[in-house]
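*Asks:* First, the structure itself, so that you have it in front of you.
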Amino acid sequence: AQSVSQHNHHVILSEAASLELGCNYSYGGTVNLFWYVQYPGQHLQLLLKYFSGDPLVKGIKGFEAEFIKSKFSFNLRKPSVQWSDTAEYFCAVNDVNRDDKIIFGKGTRLHILP
Amino acid sequence: DAGVIQSPRHEVTEMGQEVTLRCKPISGHNSLFWYRQTMMRGLELLIYFNNNVPIDDSGMPEDRFSAKMPNASFSTLKIQPSEPRDSAVYFCASSLSAGGPGEQYFGPGTRLTVT
């Protein structure tokens with residue numbers, strides 16, 4: 001069965017620090033990959049997605065993610081975080097050859113200190 | 001577009017009562033998903049529909065949970081009887097699936113508290 005692992009459950013950074021959130025998935029076939037963000041008290045919204053093509057994907061608010069197929073990874077990065085980036089971040093994967101179900105990781109809570 | 005609409009936004013009920021959560025997906029979307037979010041288990045997919053047909057309900061916890069999608073613009077998730085461990089935020093999401101999963105748009109969620 002597919003699964004998604006997010007290594008860090010809780011990350012605390014100061015403003016302007018660089019961010020990298022790890023995400024690994026366990027499926028050997030072709031996948032679609034997503035990062036969703038959930039700001040405090042709000043619903044999930046899409047940050048970025050990878051379907052095919054350039055493995056370096058740029059999303060909203062200065063976020064990017066790199067798909068490394070050999071490592072089954074899709075880490076999220078941002079060079080300089082802001083206080084407003086405080087949120088929970090979810091990595092998710094979909095099996096291209098199966099159906100539309102997306103498997104979410106357990107999330108990483110990011111807290112940015114002003 | 002109004003986005004995915006869920007009602008009620010908050011529900012407090014007593015153990016044993018029936019709870020019905022409602023969802024109106026984005027017009028034109030053909031897939032609908034019900035999720036449950038708790039601190040302990042994170043975000044869990046309960047069931048999803050494609051073209052109003054349930055495709056995968058393997059995440060539904062037990063027979064107390066049921067979901068329907070009578071038409072393309074409405075879905076319900078029912079819990080009968082409810083238990084305190086059902087307390088969670090329930091999200092509905094919809095997407096347009098065309099040869100692959102589209103971006104899922106989430107509703108604001110229903111915060112359910114069962115006492």
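*Asks:* Of B:Ser75, B:Ser82, which residue is away from chain A (no Cβ under 11 Å), part of a strand (DSSP E or B), touching a strand residue (DSSP E or B) at 6+ places or on another chain (Cβ under 6 Å) and more than 20 Å from A:Lys106 (Cα to Cα)? Working first, answer last.
*Replies:* Numbers: B:Ser82 fails: part of a strand (DSSP E or B).
The match here is B:Ser75.
*Asks:* B:Phe49: under 26 Å from A:Gly41 (Cβ atoms) and either of a type in the set (D, E, K, R) or within 11 Å of another protein chain (Cβ to nearest Cβ) (or both), yes or no? Reasoning before the result, please.
*Replies:* Numbers: under 26 Å from A:Gly41 (Cβ atoms): no; either of a type in the set (D, E, K, R) or within 11 Å of another protein chain (Cβ to nearest Cβ) (or both): yes.
Here the answer is no, as B:Phe49 does not meet what is asked.
*Asks:* For the range B:29-46, what are the residues that are more than 18 Å from B:Arg111 (Cα to Cα) and part of a strand (DSSP E or B)? Before you say what the answer is, go through the steps one by one.
*Replies:* Going through the range B:29-46, the residues more than 18 Å from B:Arg111 (Cα to Cα) turn out to be B:29-32.
Answer for the range B:29-46, where residues must be more than 18 Å from B:Arg111 (Cα to Cα) and part of a strand (DSSP E or B): B:Ser31, B:Leu32.
*Asks:* Another question, if that's okay. Taking the stated definitions as given, is B:Asp86 farther than 30 Å from A:Phe51 by Cα, crowded, with 18+ Cβ neighbours inside 10 Å and not basic (Lys, Arg)?
*Replies:* Numbers: farther than 30 Å from A:Phe51 by Cα: yes; crowded, with 18+ Cβ neighbours inside 10 Å: yes; not basic (Lys, Arg): yes.
Yes, satisfied.
*Asks:* Then there's this: For the subset of the range A:24-43 comprising residues that are assigned to a strand (DSSP E or B) and under 14 Å from A:Ile103 (Cα atoms), which member is nearest to the other protein chains (Cβ to nearest Cβ)? Working first, answer last.
*Replies:* We begin by selecting, within the range A:24-43, every residue assigned to a strand (DSSP E or B); these are A:24-25, A:31-38.
Narrowing the set further to residues that are under 14 Å from A:Ile103 (Cα atoms) leaves A:24-25, A:31-36.
Values: A:Asn24: 16, A:Tyr25: 15, A:Val31: 11, A:Asn32: 6, A:Leu33: 11, A:Phe34: 8, A:Trp35: 12, A:Tyr36: 8 Å.
By that ranking, first place goes to A:Asn32.
*Asks:* Separate question: Condition check: under 30 Å from B:Pro54 (Cβ atoms) and within 14 Å of the chain's Cα centre (by Cα). Does A:Asn32 satisfy that?
*Replies:* Numbers: under 30 Å from B:Pro54 (Cβ atoms): yes; within 14 Å of the chain's Cα centre (by Cα): yes.
So A:Asn32 passes the test.
*Asks:* When the range B:90-115 is examined, which residues are found to be modelled with pLDDT of 95 or more, in contact with a Phe, Trp or Tyr (Cβ under 9 Å, 6 or more places away or on another chain) and surrounded by fewer than 20 Cβ atoms within 10 Å (Cβ to Cβ)?
*Replies:* Across the range B:90-115, the qualifying residue is only B:Arg111.
*Asks:* Go through the range A:9-21 and count every residue that is among the small types (Gly, Ala, Ser) and either in a strand (DSSP E or B) or without any contact (Cβ under 8 Å) to a residue 60 or more places away in the chain (or both). Steps first, answer last, please.
*Replies:* First pass over the range A:9-21, keeping only residues among the small types (Gly, Ala, Ser): A:14, A:16-18.
Those still in the list that are either in a strand (DSSP E or B) or without any contact (Cβ under 8 Å) to a residue 60 or more places away in the chain (or both) too: A:14.
Selection size over the range A:9-21: 1.
*Asks:* Additional query: For the range A:64-93, which positions are under 30 Å from B:Arg9 (Cα atoms) and of a type outside the set (Gly, Ala, Ser)?
*Replies:* To start, the set of residues in the range A:64-93 that are under 30 Å from B:Arg9 (Cα atoms) comprises A:82-93.
The answer is A:Gln82, A:Trp83, A:Asp85, A:Thr86, A:Glu88, A:Tyr89, A:Phe90, A:Cys91, A:Val93.
The values are calculated or read from the model by the stated rules, or taken from the named source; none is laboratory data. Computed from a prediction, not measured in an experiment: that's the story for all the values here. Please note: Cβ atoms are built from the backbone with ideal geometry, for glycine as well, and neighbour counts cover all protein chains shown.
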